[in-house]
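Reviewing the structure listed below.
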Amino acid sequence: RQKTHISDKTGNRLLVIADPVFQLTDQRAQKVEDQRLAGLDNEVQGRLMAAIEDFAGGYIKFDRLPQTGALAQNLSRLYPGLTDSFTGFEASKKVFLENSARKMSQYDKIIFATHGLFNDRIPGISEPFLALSMLPQGANGFLTMTDVMTLKADLSIVALTACQTGLGKNQTGEGVMSMGRAFQYIGARSVLMSLWSVAEKSSVTLIEIFFKNLKEGKDKLTCLDIARKEVRSQ
């Protein structure tokens, strides 16, 4: 008998993960900590916050990327009703793996707007990663290449708007191992990423223009060309 294959892809949704909370100096974190630490004198509170900050930030301090939060809002308006947006404390590894990753078949496009890095100075991490929310205390904010490669997806495009997401560790026979390759491995047909450190504003502007033109029906290379020219003109 002839077999009919029914795809389990349920939609054409966009997933945006942006503007994580990295440090206690972030105003969003301070609001939470101020409530929790109410009643402590300034000296004790200062020491406690410094200790948490050191633990949460690890060996590398990541600055906030506030414009990526605006990017998430703009993309939600651009794709109304089709966007799942996670920012702040929700832009976390835990939320992604326990929520979004379990319904990956719903997504056609994913954007990670955060820091990306390969650094072997962090204990226990010797591979590329995306930095997600590192608070509350004890949260693992490193979404590694290995984490990504355990997933399965059918994505038209993944955009990594982060510094150094195109870089990886050179391994014999493997070429450049990177976050971009990890997303291609799990089923992304295209990956848009930076091969060098870029300014936050330029990166956000490029992505926003790219997806605006993509929605209008233009092909991906044309969208990228338009976005590049627009950023350069600014």
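The values are calculated or read from the model by the stated rules, or taken from the named source; none is laboratory data. The structure displayed is predicted, hence computed values, not measured ones. A quick note on method: Cβ atoms are made from the backbone with ideal geometry, for glycine too, and the neighbour counts reach across all protein chains shown. When the accessible area is computed, the model is the full protein with side chains, heavy atoms only, and any ligands, DNA or RNA have been set aside. Shrake-Rupley method; radii C 1.70, N 1.55, O 1.52, S 1.80 Å.
Under the condition of being assigned to a loop (DSSP other than H, G, I, E, B), open to solvent by 60 Å² or more (accessible area, probe 1.4 Å) and touching a residue at least 12 places away in the same chain (Cβ under 8 Å), the residues counted in the range 187-234 number 5. Scanning the range 128-141 for residues that are modelled with pLDDT of 85 or more and surrounded by fewer than 19 Cβ atoms within 10 Å (Cβ to Cβ) yields one hit, Asn140. Of the residues making up the range 1-37, those that are at pLDDT below 70 and assigned to a helix (DSSP H, G or I) are Val32, Glu33, Asp34, Gln35, Arg36. Return yes when Gln73 is at pLDDT below 95 and not acidic (Asp, Glu) and no when it is not. So Gln73 does not fit the description; no. Looking at Thr165, Thr222, can you tell me which residue is at pLDDT below 95, hydroxyl-bearing (Ser, Thr, Tyr) and more than 18 Å from Asn99 (Cα to Cα)? Result: Thr165 is the single residue among Thr165, Thr222 that is at pLDDT below 95, hydroxyl-bearing (Ser, Thr, Tyr) and more than 18 Å from Asn99 (Cα to Cα).
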